[in-house]
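One structure below.
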Amino acid sequence: MQESTTCGPGERSATSSAAAGQDVDRRTLRKAITGSAMGNATEWFDYGVYATTATYLTQNFFPGHLGSIGTMLGFAISFVLRPLGGMIWGPLGDRLGRKAVLATTILLMSGATALIAAIPSYASIGIAAPLLLILLRVVQGFSTGGEYGGAATFMAECAPDDKRGRYGSFLEFGTLGGFAAGTAVVMLCELMISDDDMAAWGWRIPFLIALPLGLVGWYLRSKLDESPVFNEVDAQGDSQDSILGGLADLLKNYWRPILILTGMVVALNVVNYTLLTYQPTYLESTLGLSTQSTTIIVLVGELVMMACIPFFGRWSDTLGRKPMWWASLIGLFVAAVPMYWLMAQGFVWALIAFAVLGLLYLPQLATISATFPAMFPTQVRYAGFAIGYNVSTALFGGTAPLVNDAVIHATGWNLFPAIYMMGACVIGLVSVAFLRETAGVSLRGTSIPGEAEEEAKPEPASA
C-alpha cells in the first residue's frame, strides 16, 4: 500500500493540488518524520534537562542573592540570538535548501548542550562560570533560531496536503519526547546518585547525553532527500538569489503573515515556557513541593500530552486549524486561574491541574507544523517562519520563566503565571481572527497557500 505525499526523492510531481503530490512508500515519509523530529527532540531535551536541574544550576553557577532568578536569566539569555539565527539560517534554507541547514544546526545545538557539562562551578573559577554558561546558551539560541522553523517547514513540505496536521504533530511529539526524556534522565540520576553527589557532579550527566542524540539526528538528516516542494521552485529559478535579497523580499511583501504569526506565537510560547520550563521551579520554590514530586508531576503530564498529541493533529485535518486554536486559547483563558489555584492544594491536585492545562494547550502545539509554514510561499517559507517565530519567542516565550519568577518574588502573588498566560491568550485570539484557513491547501508554488482559492470564491449575492 502506497500513500500520496509531496515528499519524495526529488522528481517533479503532478501539478494538481488535489493529488497533493506523488506516490511514495511509507518508509520515505517515516524518514522525513524521524529526521525532522529528532532535532526537535534534541533541542527540547536540553530545555527539559535545564528546567529540571534548575536547582543544581543555581547552586553551582548562581550562588548568593541572584538565586533562581540568575538561573532563569541563563535560560532567557539563550533566546537573545534566536532572532539573529532566524535571520541567517532562514534565508540560507530558502537559498540552499532545508536539508543542509538542518544538518548543521543540530550539531551546533547538541555540542553546546554537551559542553555545559564541562563548565567548572562558581566555587572553582568564580564569575567565569556563569559567563561560560551564558555563552553556551547563546550558541544554543543561535542554532535553535534555524532549527525549529526548518524542521517544521521540511515536515510540512513532505506531508500529504490532507494529512499535514496528522504528520506534522509528530514533530511536536518529538518536542514533548525530548522534554520528557530530559526530565526522566534527571529523575533517574536523582534515584541512583546521592543528593550531595547529584549537586556536585551528577547533574552534568544529562547534559552530556545531548551529544550522542545530536550525532544520531545529524546522521538521520544527512540521509534525507531535499524537500520536493523546494526542489520544484528551485528548478524553476524562483528560489532566492541571495540571503539579503530573500530577507528584503520577505519583509517587503509578507509582513502581514509575519505579524499574524508573531501574535499567535506570543500565546503559544508564553503557555509553553510557563508550563514546560518554569513549572518545576514554580512547584518547588513557590508551592514547596519536593524535587522528586515536582519531577513526577511534569513527567506524567508530558507523557499524557505525548499520548494525545497525534489525535489533535489528525482532528485539525478534519476540523481545520482555526477551530483548534480557538478552542485552545479560550479553554486556557478560562481554566488558567482555577488550575493554578488547584495546584496549591497538594501533589495529586497539582498533577491533575498540570495535565488539564497541558491538554488544553495541545490543539496549538499539535498544529504548529501544519499552520505556520502554510502562511508563506515556498521561496520565503523557511525565513518567514524562522524570523517571525523567533522574534516573538525571544521577547515573550524565553522571558516567561524570568518574568514569572521575578514577579512572584517581588509580590508574593502565586497566581501571576495564570494571569500572564491569560493575557497572552488574548493576543493569540486577536491574531487567529486574521489567520487564513489552510487545512488541505497545497504548499506548492510561489504564492501564499490558499490565497488564490480565497480570491476565487464568488461574492455573496446581494439582497
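The values are calculated or read from the model by the stated rules, or taken from the named source; none is laboratory data. Predicted model only: the values in this text are computed from it and were never measured. As a convention, Cβ positions derive from the backbone with ideal geometry for all residues, glycine included, and neighbour counts pool all protein chains shown. Heads up: the accessible areas ignore ligands, DNA and RNA and are worked out on the full protein's heavy atoms, side chains in. Shrake-Rupley method; radii C 1.70, N 1.55, O 1.52, S 1.80 Å.
Net charge near Ala181: determine it from the other residues with C-beta under 13 Å of the C-beta of Ala181, scoring Lys and Arg +1 and Asp and Glu -1. Spell out each step's value before the answer.
Values: positive: none; negative: Glu43, Asp46, Glu302.
Its environment carries a net charge of -3.
Counting only protein chains, not ligands or nucleic acids, how are Phe333, Phe207 ordered by accessible area (probe 1.4 Å), most first? Could you put the intermediate results ahead of the total?
Values: Phe333 80, Phe207 0 Å².
Result of the area sort, largest leading: Phe333, Phe207.
What full-extension length gain, to one decimal in nm, is calculated for Ile330 and Thr446 as 0.36 nm per residue of separation minus the Cα-Cα distance?
On the way: separation 116, 0.36 × 116 = 41.76 nm, distance 3.41 nm.
This chain segment gains 38.4 nm when fully extended.
Determine how large the accessible area of Leu220 is when every protein chain is in place; take a 1.4 Å probe and give Å² rounded to the nearest 10.
Taking all protein chains as shown, Leu220 has close to 50 Å².
In whole Hz, what ³J(HN,Hα) sequence does region 286-298 give by Karplus (6.51, -1.76, 1.60; θ = phi - 60°), x for Gly and Pro?
8, 9, x, 6, 6, 4, 5, 4, 4, 4, 5, 4, 5
If DNA, RNA and ligands are ignored and the probe is 1.4 Å, what is the ranking of Met343, Met306 by accessible area, most exposed first? Before the final figure, lay out the partial values.
Details: Met343 5, Met306 30 Å².
Order by accessible area, largest first: Met306, Met343.
Would you mind finding the longest exposed-site-free stretch of the chain, with exposed trypsin sites (Lys or Arg not before Pro) meaning DSSP loop and at most 15 other Cβ atoms within 10 Å? List each step's numbers first, then the result.
Working: sites that count: Arg12, Lys223.
Maximal segment without exposed cleavage sites: 224-463.
For Ile408, tell me the accessible area in Å² from a 1.4 Å probe, rounded to the nearest 10.
10 Å²
Hey, what angle do you get for helix 98-116 against the long axis of the chain, alpha-carbon based, 0 to 90 degrees rounded to 10?
The answer is roughly 0 degrees.
What part of the accessible area of region 320-407, given as a whole %, is carbon or sulfur when the probe is 1.4 angstrom?
Values: 1890 of 2220 Å².
The C+S portion of the solvent-accessible surface of region 320-407 is 85 percent.
Explain nothing, just compute: Karplus ³J(HN,Hα) = 6.51 cos²θ - 1.76 cosθ + 1.60, θ = phi - 60°, for every residue of region 199-216 in order, whole Hz, x for Gly and Pro.
5, 7, 9, x, 5, 6, 4, x, 5, 5, 5, 4, 5, x, 4, x, 5, 5
Helix 321-343 sits at what angle to the longest principal axis of the chain, using alpha carbons and giving 0 to 90 degrees rounded to 10?
For 321-343 against the chain, the angle is about 10 degrees.
Compute the acute angle (0 to 90°) between the alpha-carbon long axis of helix 67-77 and the principal axis of greatest extent of the alpha-carbon atoms of the chain; round to the nearest 10°.
Approximately 20 degrees, to the nearest 10.
Percent of accessible area on region 60-215 owned by carbon and sulfur, 1.4 Å probe?
On region 60-215, the fraction of accessible area on carbon and sulfur atoms equals 76 percent.
Tell me the accessible surface of Met422 in square angstrom (1.4 angstrom probe, heavy atoms of protein chains only), to the nearest ten.
40 Å²
Compute the accessible area per residue over the chain, keeping the other protein chains in place, probe 1.4 Å, unit Å².
Numbers: 17220 Å² over 463 residues.
The answer is 37 Å² per residue.
Specify the inter-centroid distance of region 423-452 and region 49-128, based on alpha-carbon positions, in whole Å.
The distance from the Cα centre of region 423-452 to that of region 49-128 comes to 31 Å.
With θ set to phi - 60°, apply the Karplus curve 6.51 cos²θ - 1.76 cosθ + 1.60 along region 345-362 and write out the HN-Hα couplings as whole Hz, x wherever there is a Gly or Pro.
Each residue's phi maps through the Karplus curve to give 8, x, 4, 4, 5, 5, 5, 5, 4, 5, 5, 4, 5, x, 5, 5, 7, 4 Hz.
Suppose accessible area is computed on protein heavy atoms with a 1.4 Å probe; arrange Ser194, Ser293, Ser124, Ser316 from highest to lowest. All intermediate terms of the calculation are to be shown ahead of the outcome.
Details: Ser194 60, Ser293 30, Ser124 85, Ser316 0 Å².
Solvent-accessible surface, decreasing: Ser124, Ser194, Ser293, Ser316.
Using just the helices of the chain, give the 222 nm mean residue ellipticity in deg cm²/dmol: DSSP H runs with n ≥ 4 each add -39,500 (n - 2.57), and the total is spread over all residues, rounded to 500.
Details: 21 runs with 321 residues, N = 463.
The helix contribution divided over the chain gives -23000 deg cm²/dmol.
Give the long-range amide H neighbours of Gly440: residues separated by 5 or more places, or on another chain, with amide H under 5 Å away, using H modelled in the peptide plane at 1.01 Å from N.
Here the answer is Arg164, since their amide H atoms fall under 5 Å of that of Gly440.
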